[in-house]
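Notes to accompany the following structure.
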Amino acid sequence: MPVFLQNVLVILLAAYMAWDNGTGNQVTGNWPVIIGMLVGLIMGDVSVGLVIGGTLQLMSLGVAAIGGSSIPEYGVATIVGVFLAIRTGASTGTAIAVGLPVGMLTLQFDVIMKIINNFFAHWSQRLLHEKKFEKMDLVFYLTVFCWMLKYVIPITLVVLFGTPIVKAVLHIIPTWFTNGLTIAGGMLPVVGIGMLLRYMPVKKYLTYLILGFVAAAYVKIPVLGIALIGGAAAYAIYRHNAEKLTQQSVAATENDVQDDEGDDFDE
Amino acid sequence: MSNNTQTETNNKLTIKERKNMFRRWIFFAGLGYNFESQQAPAVAFSMRKALRKIYPNDDEYIAAMDNHYKYFNATPQMGNVILGATLAMEEKDGIKSKDAVQSLKTSLMGPLSGVGDSLFWILFPTIMGSIAGYMALQGNPIGAIIWMAIYIGLYWVKMWLFNLGYTSGTKLVTSLGAKINVFTDAISTMGLMVVGSLVSTVVKVYTPLKFQTGKVSLSLQTEVFDKIMPGLLPVCLAALVYWLLGRKSWTPTKIILLIIVICLAGSFTGILGIAK
């Protein structure tokens, strides 16, 4: 694939990712492993895309944008990392080390866009009151266009100017620094895991947390197998609790009937 | 009021128009997100066409639409249920339902997002992400492809949720609410098992430090930590991060930066090394 076409497709992918990730559609979302695969496909080296995407995926597990909160843009980091790794031949560690800061800076665009959108929202409502109903859709599409810019701007800059800069920087960075970032890549998944645990009923189901750990650390069962065991446990617990729930509601209605009868007797 | 009967015969939406509303929501839910009314612009966008048919009268239309420019925030996949129920109410009662619609929206978005966020943003991406991420590290794209395929399939699940909201409306909270909670509660055991396994497999902390006493050298990692428990250091790190996250002054971003600084310092001094 010619270099120019690759550049255009990577920028288009960034635009699509911004759109998809902002909706309930989520076919690619900004999940690093999927985006990494797609960038790899565009750039002509799927395996590099998968390795960088997979690494970033594990790093980002559980670091979710709940309720519209702001988190590093791992999808953008993936596009930047895979693009530069294939163009410059940088290692996985270096690619991630360059991609992550871009992902963190992109976060600032996200905040700016959410502020600008406020203006669009008021404009749209003003049109409603002026009875210019058709224009309301246009304003919304304009918002969507601006929303895409939050990924398109940083990715375009990287695509246009990134390669020579990264090549130059690669000569300067000392080994301990890139090693340090590779080590950080191994340790960072812990943040996502910590956040997941904060959202989950850890105290209620501590048993399963420990079981999962033992199954992986001592028995060495692969994660898919552990997920299946977990699924079995979940099914059993669901059946148990659902039965309890129906019994409760049956008991509740029976009580209601008895209460009614009691009232009748009192009268 | 002949005008009134006129609107009542016209304002029933066809299946096609309802699906159109659903698509306008699901493909645009979070776009237009702002800090003041959050997802409201997308709600207004998705309801606009359907409500125009329900309210041919301009003033009623404006009043009804104003409602949908008010604060709204829900997991997009779950917002369907709420908007479906809203649509049914407005179709049935017209502008009289204005206040009821608003209170339905505000009362449903909390509980449904609680379920939706943990399912669609935490549990499912964690499980799929760890499986697909692992496969990808070995150069295998199947995990990522399956993930995409499942998410495409979810389109019909979301459509079903939308129809559920439309047909059962307000009854939904009471009849389904408890059952959905039982479901999320149960499925979080699956999530916790996966998370438990991730601590030992995904988190990598390795120290190349060795103690030298005369001719005997003792590797701290393989002969001390690994002997006590496999994954001892990752478990300690996870416990520390879990504790830090519970403190108000520590945001995830700060913790990420802290870890990067520790790793750079560890690499510089040789206390930390790249895990084998």
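The values are calculated or read from the model by the stated rules, or taken from the named source; none is laboratory data. Just so you know, these numbers come straight off a predicted model, no measurement behind them. For neighbour counting, all protein chains shown are included, and Cβ atoms are generated from backbone atoms with ideal geometry for every residue, glycine included. Please note that ligands, DNA and RNA were not included when accessible areas were found on the heavy atoms of the full protein model with its side chains. Shrake-Rupley method; radii C 1.70, N 1.55, O 1.52, S 1.80 Å.
General remarks:
- Here residue A:194 clears all of (1) surrounded by fewer than 18 Cβ atoms within 10 Å (Cβ to Cβ); (2) within 7 Å of chain B (Cβ to nearest Cβ) except the condition numbered (1).
- Selection count, the range A:197-214, where residues are basic (Lys, Arg) and more than 7 Å from every other protein chain (Cβ to nearest Cβ): 2
- Conditions (1) assigned by TED's automatic domain parsing to the domain that holds residue B:131; (2) at pLDDT 80 or above: number failed by residue B:172: (2)
- Taken over the range A:97-119, the residue count meeting the criterion of being surrounded by fewer than 20 Cβ atoms within 10 Å (Cβ to Cβ), over 30 Å from residue A:187 (Cα atoms) and not basic (Lys, Arg) is 5.
- Selection status of residue A:228, among the hydrophobic types (A, V, I, L, M, F, W, C), over 28 Å from residue B:227 (Cα atoms) and assigned by TED's automatic domain parsing to the domain that holds residue A:60: no
- Residue in the range A:70-89 that is at pLDDT 80 or above, open to solvent by 50 Å² or more (accessible area, probe 1.4 Å) and in the same structural domain as residue A:177 (by TED's automatic domain parsing) present: yes
- Every test in (1) part of a helix (DSSP H, G or I); (2) in contact with a Leu (Cβ under 7 Å, 6 or more places away or on another chain) is passed by residue A:100 save one, and that test is (2).
- Residues that are within 25 Å of the chain's Cα centre (by Cα) and not in a helix (DSSP H, G or I) within the range A:172-194 comprise just one, A:188.
- Condition check for residue B:46: open to solvent by 10 Å² or more (accessible area, probe 1.4 Å), out of contact with any Ser or Thr (no Cβ under 7 Å at 6 or more places or on another chain) and hydroxyl-bearing (Ser, Thr, Tyr): no
- Yes/no for residue B:65 being aliphatic (A, V, I, L, M), closer than 18 Å to residue A:130 by Cβ and open to solvent by less than 30 Å² (accessible area, probe 1.4 Å): yes
- Count - residues of the range A:215-230 that are open to solvent by 60 Å² or more (accessible area, probe 1.4 Å) and more than 8 Å from chain B (Cβ to nearest Cβ): 3
- Matching residues, the range A:113-144, being of a type in the set (D, E, K, R) and facing chain B (nearest Cβ under 9 Å): A:114, A:131, A:137
- Complete set of residues in the range B:60-75 that are hydroxyl-bearing (Ser, Thr, Tyr) and not in a loop (DSSP other than H, G, I, E, B): B:61
- Under the condition of being farther than 20 Å from residue A:101 by Cα and at pLDDT below 85, the residues counted in the range B:251-276 number 3.
- Residue satisfying all of: in the range A:1-45; away from chain B (no Cβ under 14 Å) and in a loop (DSSP other than H, G, I, E, B); most open to solvent (accessible area, probe 1.4 Å) among these: A:1
- Meets criteria (closer than 28 Å to residue A:39 by Cβ, touching a helix residue (DSSP H, G or I) at 6+ places or on another chain (Cβ under 9 Å) and either among the basic types (Lys, Arg) or in a helix (DSSP H, G or I) (or both)) for residue A:160: yes
- Filtered by the rule that a residue be of a type in the set (Lys, Arg) and assigned to a helix (DSSP H, G or I), the range B:227-254 gives B:227, B:254.
- Scanning the range B:258-272 for residues that are surrounded by fewer than 18 Cβ atoms within 10 Å (Cβ to Cβ) and in a loop (DSSP other than H, G, I, E, B), we see that the one that is farthest from the chain's Cα centre (by Cα) is B:270.
- Within the range A:237-245, not a single residue is facing chain B (nearest Cβ under 8 Å), in contact (Cβ under 8 Å) with a residue 24 or more places away in the chain and open to solvent by less than 80 Å² (accessible area, probe 1.4 Å).
Conditions tested, residue by residue: (1) without any contact (Cβ under 8 Å) to a residue 24 or more places away in the chain; (2) more than 7 Å from every other protein chain (Cβ to nearest Cβ); (3) more than 22 Å from residue A:110 (Cβ to Cβ).
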| site | (1), (2), (3) |
| --- | --- |
| B:26 | no, no, no |
| B:38 | no, no, no |
| B:49 | no, yes, yes |
| B:54 | no, yes, yes |
| B:64 | no, yes, yes |
| B:82 | no, yes, yes |
| B:85 | no, yes, yes |
| B:116 | no, yes, no |
